[in-house]
1. According to the square roots a ≥ b ≥ c of the eigenvalues of the Cα gyration tensor, what is the shape class of region 246-369, taking rounded for a/c under 1.5, prolate for a/b larger than b/c otherwise, and oblate for the remainder?
2. What is the sum of charges, Lys and Arg at +1 and Asp and Glu at -1, for the other residues whose Cβ falls under 10 Å from the Cβ of Trp275?
3. Which of the peptides 282-295, 317-330, 369-382 is most tightly packed, and how do the rest follow, going by the mean number of other Cβ atoms within 10 Å of each residue?
4. Given H placed 1.01 Å from N in the peptide plane, which residues other than close sequence neighbours of Thr367 have an amide H under 5 Å from its amide H?
5. Expressed as a rounded percentage, what relative contact order does region 295-344 have, with Cα pairs under 8 Å and six or more residues apart?
6. Rolling a 1.4 angstrom probe over the protein heavy atoms, how many square angstrom per residue are accessible across region 295-364?
7. Too long at a 19 Å Cα-Cα cut-off: which of Lys250/Lys296; Lys118/Lys378; Lys326/Lys469; Lys101/Lys145; Lys163/Lys440?
8. Which loop GluC sites (Glu not before Pro) in region 97-140, with loop taken from DSSP, have no more than 10 other Cβ atoms within 10 angstrom of their Cβ?
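The values are calculated or read from the model by the stated rules, or taken from the named source; none is laboratory data. Quick caveat, the model's predicted, so the values are computed rather than measured. Cβ atoms come from the backbone with ideal geometry, glycine included; neighbour counts cover every protein chain shown. With ligands, DNA and RNA removed, areas are computed over all heavy atoms of the protein, side chains included. Shrake-Rupley method; radii C 1.70, N 1.55, O 1.52, S 1.80 Å.
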Amino acid sequence: MKKRIMTALLASAMILSVAGCGENKTPAGTTTAAPQGGDATTTAAPQGGDETTAAPEGGDTATVDVPDDGKVLNIWAWNTEFMDRVSAFYPGYEAVGEATKDEEGNVRSAEGKIGDVKVVWTINPNANNGYQIPLDEALLDQDNKPADEKIDIFLIEADYADKYVNSDTSLPVSAVGITDADCEQMYQYTKDIATDANGNLKAVTWQATPGLFAYKRSIAKEVLGTDDPDEVQKAVADWDKFNETAAKMKEAGYYMVAGRQDSYRTFSNNVSAPWVNANDEIIIDANIEKWVEQTKDFTEKGYLQNDTAHDLWQSGWATEQSEAGKTFGFFYSTWGINFTLAGNAGEDGFGNWAVCYGPQSYYWGGTWICAAYQTDNKSLVKDIMFQLTCNGDIMGNITRETQDYTNNMAAMEAIAASDFKSDFLGGQNHIALFTENAKKIDMSNVSAYDQGLNEGFQEAMGPYFLGEKTYEECLDFFYSNAIVKYPNLKKPQ
């Protein structure tokens with residue numbers, strides 16, 4: 001009975017996801033977006049209370065007996081980042097054959113092997129819920145599939161983690177053998193976001209994603225007289241100073257940020273309460289309102305470019321990160337610097353960037369590894385989780401080789417205190433700055449509605465910034481669309 005309840009709830013979430021797709025723009029990031037957090041797909045929150053954590057028939061998922069005789073390991077993801085990490089850093093993994101790609105050259109499936117176990121990768125891009133909808137369908141059909149076709153591992157993002165964490169589609173990591181002691185060096189927020197209502201840790205991640213402010217050194221020297229990170233930090237140490245520096249940039253012929261959405265995550269990650277209250281009312285936090293006020297001010301004063309070409313992940317936004325760009329800085333978390341910014345800057349931009357803390361600490365994104373209900377590869381699932389998220393030596397190597405920031409406090413503190421340098425950032429040890437901001441991440445106000453409401457709010461405010469509609473008109477549009485996506489929600493009374 002409990003299993004049937006869970007199935008109905010996840011099926012309901014799928015239907016709502018489909019209904020929301022037409023209301024939501026897909027970012028150009030389907031080709032240039034970062035591996036985490038940049039997707040604008042809509043997800044529906046699981047409905048109900050404790051019912052969403054009902055155990056599969058046969059007992060509590062925390063103590064379920066997980067088989068260990070699988071011959072095929074099926075892994076589902078929305079891009080190749082995790083596959084790349086496994087390929088490069090998991091001992092004994094071998095790629096087999098050529099990957100299958102779509103017309104745009106994106107990998108859609110691939111194969112490998114670990115010992116005598118065949119590894120099958122299924123890659124469905126996030127755009128338009130292209131990942132979550134088929135994933136939900138496959139997870140709901142686990143009981144009916146042959147053993148070699150059952151999903152063993154699937155990945156989730158922070159913005160919709162709650163949907164899967166509070167569902168029996170994912171097993172507690174303890175069910176495959178990952179212990180509290182194994183996870184002791186993980187940043188607490190990465191565990192909090194993946195812990196269900198019953199206190200079970202349901203997923204683990206190899207990365208932590210604190211954010212910084214990345215700026216172009218050449219512009220800093222010209223306008224501020226220095227590109228030293230400590231000195232530049234003084235110019236952006238709080239929002240008042242940030243706004244003052246924006247005026248200087250404008251006077252010198254530059255933009256402070258590229259577009260209207262650039263600073264949003266810094267505000268939205270510092271809200272005082274979740275999007276939805278206990279009465280299922282959508283609440284606009286004061287910090288979100290501050291983003292609207294600042295962005296309207298920046299728009300009117302020309303401190304940013306007020307057009308859709310410079311929205312996040314769009315072509316104009318990416319071009320601004322090249323040497324031809326006239327934008328001073330960008331808010332980026334860990335993956336954004338080594339993956340997106342470095343790629344957009346090109347070879348000419350190497351050495352011309354640096355990072356500082358910025359006006360507020362924040363985080364952005366993250367990818368978690370889930371063990372799927374009905375996996376029959378207990379030992380292998382455990383070992384992949386352990387090696388890539390608990391093994392400090394491997395995690396330190398990931399950071400040194402890719403400059404990603406990994407989820408191991410001891411490893412990151414050691415690199416922060418070392419002579420580690422980033423050539424892209426002009427020899428700066430940015431891990432030291434990330435380590436400080438990682439300590440300040442607070443996930444207490446996340447909710448199952450974050451992705452849909454955050455993306456929907458930014459989209460709804462566009463006509464206000466353009467001067468085409470009033471704030472109240474845009475707010476009504478936001479509420480209307482949000483209730484279509486999430487019919488259980490309502491406007492505040």
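1. Oblate is the answer for region 246-369, as a/c is 1.5 or above yet b/c matches or exceeds a/b.
2. -3
3. Highest to lowest by the protection proxy: 369-382, 317-330, 282-295.
4. Gln207
5. Result for region 295-344 is 21 percent.
6. That works out to 33 Å² per residue.
7. Lys326/Lys469; Lys101/Lys145; Lys163/Lys440
8. Passing both the DSSP loop test and the Cβ count: Glu103, Glu104.
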